[in-house]
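Visitor: Take this structure first; my questions come after.
The values are calculated or read from the model by the stated rules, or taken from the named source; none is laboratory data. Quantities reported herein were computed from a predicted structural model and do not represent experimental measurements. Cβ placement follows ideal geometry from the backbone for every residue including glycine, while neighbour counts extend to all protein chains displayed.
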Amino acid sequence: MVSSTTIMISGRPVQLTDDEVFLATRERTPDKIQTYGVLVNGTLWPPIQLMTLVTGIPGSADSVNNYNSHTALKTLDELGFDTFERVEYRGNGRVAVRASHQRTTTNG
């Protein structure tokens, strides 16, 4: 079953589906995770990169008109993706995601 949600970008509603997120990540490589991560098909993605791939509209950490990391995380969480706050790195440079940093999903 396809999940969908609506986000306001630059004052207009944009409907997104989980299928669009899956399709947007095909044959793509995620940027380096800074602070937040979204798990899609076993790969962690930066939330703003995902939203940019899906919508074609760039966001930024301090965006007023488009979206920021928190808005992207909330939207992707609503679509049923596992979202994480405060992603950390191990000494070998690999991403460490603690279960305690997983956001609670809103879709139950």
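Visitor: In the stretch 22-49, what residues are of a type in the set (Val, Ile, Thr) and more than 18 Å from Asn66 (Cα to Cα)?
Guide: Thr25, Thr29, Ile33, Thr35, Val38, Val40, Thr43
Visitor: Go through the stretch 22-55 and give me each residue that's under 8 Å from the mean Cα position of the chain (by Cα) and basic (Lys, Arg).
Guide: Residues satisfying the conditions do not exist here.
Visitor: In addition: Please list, ordered by first then second residue, the pairs with beta carbon atoms under 8 Å, 6 or more apart or interchain, first in the stretch 65-84 and at positive phi, second assigned to a helix (DSSP H, G or I).
Guide: Gly80/Asp18
Visitor: Now a separate question. Filter the stretch 1-50 down to the residues that are of a type in the set (Val, Ile, Thr) and free of Cβ contacts under 8 Å to residues at least 40 places away in the same chain, then identify the one that is farthest from Lys74 (Cα to Cα).
Guide: Per the stated criteria, the residue is Thr29.
Visitor: Here's a check for you: in the stretch 64-84, which residue that is part of a loop (DSSP other than H, G, I, E, B) and under 22 Å from Ala24 (Cα atoms) is modelled with the lowest pLDDT?
Guide: Filtering the stretch 64-84 for residues that are part of a loop (DSSP other than H, G, I, E, B) and under 22 Å from Ala24 (Cα atoms), the one modelled with the lowest pLDDT comes out as Asn66.
Visitor: I've got another one for you. Just name the residue that is surrounded by the fewest Cβ atoms within 10 Å (Cβ to Cβ) out of those in the stretch 1-13 that are more than 17 Å from Asn66 (Cβ to Cβ) and polar (S, T, N, Q).
Guide: If we take residues in the stretch 1-13 being more than 17 Å from Asn66 (Cβ to Cβ) and polar (S, T, N, Q), then Ser4 is surrounded by the fewest Cβ atoms within 10 Å (Cβ to Cβ).
Visitor: So in the stretch 14-58, with the set limited to residues that are assigned to a strand (DSSP E or B) and among the hydroxyl-bearing types (Ser, Thr, Tyr), which one is surrounded by the most Cβ atoms within 10 Å (Cβ to Cβ)?
Guide: Only one residue fits best here, namely Thr17.
Visitor: Determine, yes or no, whether Tyr36 is more than 22 Å from Pro13 (Cβ to Cβ), modelled with pLDDT under 70 and aromatic (Phe, Trp, Tyr).
Guide: no
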